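Derivation of every value follows stated rules applied to the coordinates shown; laboratory data play no part. Treat the numbers as computed from the prediction; the structure is a model and nothing was measured. Ideal geometry is used to build each Cβ from the backbone, glycine not excepted, and the neighbour counts take in all protein chains shown.
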Amino acid sequence: MNRVVKVARMQLINKWSFLGIPMVILVASTLMTFAIWALLPASAREGTLYSGSGQAVMWYFLALGIQSLTFTFPFSQAMSVSRRTFYLGTLGLFATIAMGYAILYYLLGLVEKATGGWGFNGQLFALGWIAGNNAAIQILFYFVAMVLLFMIGFWAATVYMRWKATGLLIAGIGFAVVLLGLVALATLNDAWPQVGAWFAAMQVLGLSIVLGGLCVLLAGGSYLTLRRATT
Amino acid sequence: MEATPAPAIEVRNLTKTYREANALDSVSLSLEANRIYGLLGRNGAGKTTLMSILSGQGFPTGGQVLIHGKDPYENDGTLARICFIRESQRYPDDFNARQAFRAAALFFANWDQELAERLIEDFALPTKRRIKKLSRGQLSAVGVIIGMAARAEITVFDEPYLGLDAVARQIFYDRLVEDYSLHPRTIVLSSHLIDEIANLLEHVVVIDKGRIILDEDADSLRGSAFAVTGNQEKVAAFIEGRRVLHRDSLGSLASVTIQARLGATERAMAAELGLEISPVPLQQLVVRTTMAAQTEPRGDHYQEALK
């Protein structure tokens, strides 16, 4: 059997991290949202009820990105797995899981609409801005958002593994400087109205592509960092 | 066509520089397949650095490592033939020993589950407790079991006995020899408990301050130095012109460790002088050589003297 697939199987030896915990978070956060909606007094239930609890799993994926590297990479070295194989196996596994969740979110969105917002006129999965698009774009957006969070965690963990706290500090400061530079650029050129218009005009597809580009950057950066990392 | 197959491990001018020190200083070695090598040296001598580079886990600053003729770095085909468990090996936080063994069974083609089960019993290893919660000795046992049951063509143990009690250590040595005789492979064992493993070793490599100061067949090494004990003056006369590794004296008595291969004539001469010739245990030999090397800039002298 291919060693990349074996890495994925190694990550799944303990089924909680990749499979169990995300499902528990999804089910628990959704049920809690329903409970809160049910407890609301009738006066507060007028109109649509919004909830952001669908994000809960996504934030767990940030932690999972960190964990899948820091816990497992040193062990994979002892298993005589090359860095490249570890990288492909781990990212491949997560991409598969993220695709599963993206499809699940889309399906839950359909259920939400069909049941009149779970009977509460609520919006949890089929958020108006996203749900107005076709299936492929919705799934792409969820997928990219999940992969992005995972990649941020994974990349930060590779930087820490290779350069320790100094590396993370420099990366953090560098990121802040770039952000500040962009803000300065917009301010000095009096370009804020255009920037605002650009964001307002951004469609889900456009945003997915921009975030997807970020994912690719982080994935490339993680690989180059990991290639020369030692445990 | 090559006349002889490439050595199991070949190290050429390997250098590793950390910010403040030379961990490895132009190390060259050639290790044959299917022998047991001892990599001996003090703490910080460069043992772990050398082992992690030759298993593709670390990078050299200069030089080259070839495993069966191929660079192991990022080379899955070659890596699959090597098993190196670090002394400070980290395991996934949520793993128990059973899960670590299941992972090892995935990656090592020759994995022997029966041997693993037997070793688990021998070491009385709790397999359902998280590895994080194991004692130092139990943690070492996890590494030893993976290293042995993996039956990798090249198996590297980095001070595998840390925290193991005397009984467990003996079990490890016995099982290792037993399994090695049934399934020969290249074993590199780093240690500073030299006497304990002396009988296991077929070849000894001593490293000090990043340099190889001894690289010698164990049998030939055992006959390469002797302690001469007796009257101080007679000892002095006998050892004239020989390389002295160590000197002890008590009153008119002297005991001098010399480096020499003694023939029958020389032994007869010593007997006539009333001197006692005794073999030097491997540990003594390594300690004396290391200390002697520190007073001489390079260990070449010793290497030359052995020939």
Worksheet item: How much FRET efficiency would the formula 1/(1 + (r/R0)^6) give for B:K128 and A:A95, where r is the Cβ-Cβ distance and R0 is 35 Å, rounded to 0.05?
Response: 0.60
Worksheet item: So what's the gap between the Cα centers of region B:1-47 and region B:238-252, to the nearest angstrom?
Response: 33
Discussion item. How large is the convex hull of the C-alpha atoms of chain B per residue, in Å³?
Written reply: 170
Discussion item. As an exercise, use a Förster radius of 45 Å and the Cβ-Cβ distance of A:L110 and A:A165 to find the FRET efficiency, rounded to the nearest 0.05.
Written reply: 0.50
Worksheet entry | Only Lys, Arg (+1) and Asp, Glu (-1) charged, at Cβ; chain A dipole about Cα centre in debye | 1060
Worksheet item: Which aspartates and glutamates have a Cα lying under 16 Å from the Cα of B:K234, excluding residues fewer than 8 positions away in the same chain?
Response: B:D248, B:E266, B:E272, B:E276
Item to complete: Quick one: grab the alpha carbon gyration tensor of region A:3-227, order the square roots of its eigenvalues as a ≥ b ≥ c, and give me rounded if a/c is under 1.5, else prolate or oblate depending on whether a/b is larger than b/c.
Response: oblate
Discussion item. Among the listed pairs B:K47/B:K128; A:K15/B:K47; A:K15/B:K132; B:K133/B:K209, which have their C-alpha atoms separated by more than 27 angstrom in this model?
Written reply: B:K47/B:K128; A:K15/B:K47; B:K133/B:K209
Worksheet item: When ranked by the protection proxy of mean other Cβ atoms within 10 Å per residue, highest first, what sequence do the peptides A:6-16, B:16-26 form?
Response: A:6-16, B:16-26
Fill in: CD proxy at 222 nm, helix term only [per DSSP H run n ≥ 4: -39500 (n - 2.57); per residue of the protein assembly as shown; nearest 500]
-17000 deg cm²/dmol
Discussion item. For the protein assembly as shown, compute Rg over Rh where Rg is the Cα radius of gyration and Rh is the Kirkwood radius from the inverse mean 1/r over Cα pairs.
Written reply: 1.14
Worksheet item: So how far apart, in nm, are the two label points at A:E46 and A:Q203 if each is 7 Å from Cα heading toward Cβ?
Response: 3.6
Practice prompt. Quick one: P(r) of region B:223-306 from all Cα-Cα pairs, 10 Å bins, percents rounded to integers, in order of increasing distance.
Written response: 17, 52, 27, 3
Worksheet item: For region B:143-200 and region A:10-26, what is the separation of their Cα centres, given in Å?
Response: 36
Item to complete: Post the alpha-carbon centroid distance, region A:120-196 to region B:63-141, in whole angstrom.
Response: 38
Worksheet entry | trypsin sites (Lys or Arg not before Pro) within region A:151-230, DSSP loop, no more than 12 other Cβ atoms inside 10 Å | A:R228
Worksheet, complete the sentence: Within 10 Å of the Cβ of an average residue in A:207-213, the count of other chain Cβ atoms is 0
